[in-house]
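Here the structure comes first, spelled out in structure tokens, and everything after it is commentary.
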Amino acid sequence: MTQLPSSPGDEAVHVASAVRGQARVPLRPQEELDARNRLFGHAGVARAQEVLLARYGLASGAEAFGLLRNTSQRFNIKLHSLAEAVVRTPAPDRGAALWFPGRARHTPPPLTGIALDRGARSSQGAVLKALLHRVLSLTQTPMGNVQLAGNGRLHLARHTGLNKYFTDFFAFVDTPTTACSQAAAERRQVTVSDVATAAVFDEASRHAILQAGSRAAHSVPLIGSSGAVLGMVSSHHERPLRGLTRAQTAALEGAGADAGRWLSWHRGTVVLDALEHLHAAAIAVRP
């Protein structure tokens with residue numbers, strides 16, 4: 001990896017000058033970001049509640065929400081991720097005791113080069129944390145994030161070194177005007193050598209990145225076993241980049257592929273375990 005040269009201590013000057021150049025783009029009000037994130041976060045849960053109400057004839061939306069919340073906690077799956085699975089997964093056969101009868105179970109796939117305790121191999125939080133650490137070690141930067149795909153957008157799942165405005169602004173990404181969206185759409189690694197001048201960004205996104213102290217970025221898609229993009233991992237850099245070495249991009253490609261296969265396994269094993277439990281719990285309380 002080559003970063004454009006500068007004198008010692010010039011990193012802050014690089015970013016400050018770039019942000020000054022974006023001074024005409026105001027920060028979005030916090031209440032606007034909070035309202036948008038609540039809307040996106042709650043919409044999927046509300047749809048899942050409606051599915052459960054209609055499918056099992058539950059007494060109320062509150063009862064449906066309680067089943068989702070308890071299952072989410074039991075299987076250590078984010079509530080919105082469980083809700084998305086309820087909506088996207090074909091319904092069980094009418095009157096069936098099991099949602100997925102005869103389902104084969106598999107052990108987690110290997111994660112080459114990603115340091116992980118053996119007992120944490122099935123934990124999505126632990127895997128995403130280890131993946132981000134691996135990517136930031138390869139790209140030699142302390143700033144980065146992991147996003148997961150769902151409901152037609154990317155949502156922020158893990159981050160480090162990035163400020164609150166950045167994480168609130170990019171909590172959900174559903175527009176094509178970011179490097180992560182471009183990498184997801186094109187299913188390839190994307191390097192933004194200089195955020196201040198890159199054509200991919202709309203001005204609000206550009207400013208959100210610059211104000212966090214990032215002047216360059218590199219995004220790696222996490223491609224699942226079926227070929228679908230299941231997420232994205234991105235590194236952020238204090239200074240513009242000339243690019244990454246072949247060795248770096250090859251190692252990042254491997255990390256992304258391994259993580260994508262693991263996410264496929266998680267969806268096909270842990271998430272289905274949670275759905276099976278939810279099905280049984282809903283049957284048990286059905287009037």
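The values are calculated or read from the model by the stated rules, or taken from the named source; none is laboratory data. Keep in mind the model is a prediction, meaning the values are calculated, not measured. Here the Cβ is made from the backbone with ideal geometry for all residues, glycine too, and neighbour counts use every protein chain on show. The accessibility values were calculated without ligands, DNA or RNA, using every heavy atom of the protein model including side chains. Shrake-Rupley method; radii C 1.70, N 1.55, O 1.52, S 1.80 Å.
Figures for the structure shown
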{"read-out": "Sole exception among (1) open to solvent by 30 Å² or more (accessible area, probe 1.4 Å); (2) under 26 Å from residue 34 (Cα atoms); (3) modelled with pLDDT of 95 or more for residue 170, by number", "value": "(1)"}
{"read-out": "Residue in segment 111-128 that is crowded, with 20+ Cβ neighbours inside 10 Å, closer than 25 Å to residue 33 by Cα and not aliphatic (A, V, I, L, M) present", "value": "no"}
{"read-out": "Test: residue in segment 55-63 that is assigned to a helix (DSSP H, G or I) and either in contact with a strand residue (DSSP E or B) (Cβ under 6 Å, 6 or more places away or on another chain) or within 30 Å of residue 255 (Cβ to Cβ) (or both)", "value": "no"}
{"read-out": "Scan of segment 140-167 for residues that are touching a residue at least 60 places away in the same chain (Cβ under 8 Å), touching an Asp or Glu at 6+ places or on another chain (Cβ under 8 Å) and open to solvent by 20 Å² or more (accessible area, probe 1.4 Å), ordered by number", "value": "151, 153"}
{"read-out": "Every residue from segment 15-35 that is at pLDDT 70 or above, in contact with a helix residue (DSSP H, G or I) (Cβ under 9 Å, 6 or more places away or on another chain) and either under 29 Å from residue 89 (Cβ atoms) or open to solvent by less than 60 Å² (accessible area, probe 1.4 Å) (or both)", "value": "33, 34"}
{"read-out": "Filter result (over 14 Å from residue 256 (Cα atoms), part of a loop (DSSP other than H, G, I, E, B) and in contact with a helix residue (DSSP H, G or I) (Cβ under 7 Å, 6 or more places away or on another chain)) within segment 185-201", "value": "195, 196, 200"}
{"read-out": "Test: residue 71 is touching a residue at least 12 places away in the same chain (Cβ under 8 Å), open to solvent by less than 60 Å² (accessible area, probe 1.4 Å) and of a type in the set (Ser, Thr, Tyr)", "value": "yes"}
